[in-house]
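Readers should treat all values here as calculations from the given coordinates under stated rules, not as data from a laboratory. Keep in mind it's a predicted model, so treat the numbers as computed, not measured. Please note: Cβ atoms are built from the backbone with ideal geometry, for glycine as well, and neighbour counts cover all protein chains shown.
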Amino acid sequence: MSTLSTFFYISSALIIVFTAISYVFKVELWPIPESRFRNILLLTLGNVWLFLNLYLAYILSVHAPSYLIFHDITWKMLAALMISFSITLSFWAWRVFGLSRIFGLKIDRIIDYGPYKYMRHPQYFSLTLGVLGLVLLFNTVYMLVFAVSTIVVFYFIALFEERKLLTLFGKNYEMYRRRTPFFPIYPMRRKNS
């Protein structure tokens, strides 16, 4: 388990560093015009990392747990509520957004209704709630590391998306950004990109 946990920590750290450096140095992961191959490759690599790290966090949490402080049944009930709300919000966001994605498929307008009326990134907010719910449910350091790395990575991906939307929609997206918080609990309303 020691080698597995070391791999897990290194994987989490590397993906955080990669996404942060890419954003800071303005690497265009999704340039315009888009490359279909590049989009598919990045999407595949991102999903492989996400599910592999979730799997490793689960295996390590079950077979070599390092417990946190969330032992009470109240935490488990809160975890169930968070995960349920996360799934519901995620389905609502996907239903409104449709099957298209910001990267890989052309979009022709800003979606500002449904959950997008209340926050700019409902899918990432639902993911954040879901992984925090997993931390409370499993109550292990490994799930906490998974949650933190996932939240940080998807935060930077949201920033990449906003950069692209500003390029595509300019002032219209800037107006949407000013009136709609990043997350309902984290406004991040900026005047300049």
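Brief remarks follow.
- R0 of 22 Å, Cβ-Cβ distance Ile59-Phe85: FRET efficiency to nearest 0.05: 0.25
- The modelled label-to-label distance for the pair Lys117/Trp94, using points 7 Å beyond Cα in the direction of Cβ, is 2.3 nm.
- Counting neighbouring Cβ atoms within 10 Å and putting the fewest first, the residues Val131, Val152, Val48 line up as Val48, Val152, Val131.
- Cα long-axis angle, helix 122-138 against the chain (0 to 90 degrees, to the nearest 10): 0 degrees
- Label corresponding to Cα extents along the principal axes in Å when calculated from the structure given, among (1) 61, 38, 34; (2) 118, 37, 29; (3) 50, 34, 29: (3)
- Debye, to nearest 20: dipole size of the chain, +1 on Lys, Arg Cβ, -1 on Asp, Glu Cβ: 780 debye
- Excluding exposed DSSP-loop chymotrypsin sites (Phe, Trp or Tyr not before Pro) (at most 11 other C-beta within 10 Å), longest clean stretch of the chain: 26-112
- Förster radius 35 Å - calculated FRET efficiency between Phe51 and Lys171 (Cβ-Cβ, nearest 0.05): 0.35
- Distance in nm between pseudo-label sites at Glu28 and Leu4 (7 Å out along the Cβ direction from Cα): 4.3 nm
- Here is the list for the stretch 1-79: trypsin sites (Lys or Arg not before Pro) lying in DSSP coil, each with at most 14 other C-beta atoms within 10 angstrom of its C-beta, are Lys26.
- Using just its DSSP H runs of length 4 or more, each adding -39500 (n - 2.57), the chain gives a mean residue ellipticity at 222 nm of -23500 deg cm²/dmol after division by all residues.
- Given charges at Cβ of Lys, Arg, Asp, Glu: the stretch 2-179 dipole, positive-most of Ile69, Leu43, Met119: Met119
- Using R0 = 22 Å, the C-beta based FRET efficiency linking Leu14 and Ile40 works out to 0.55.
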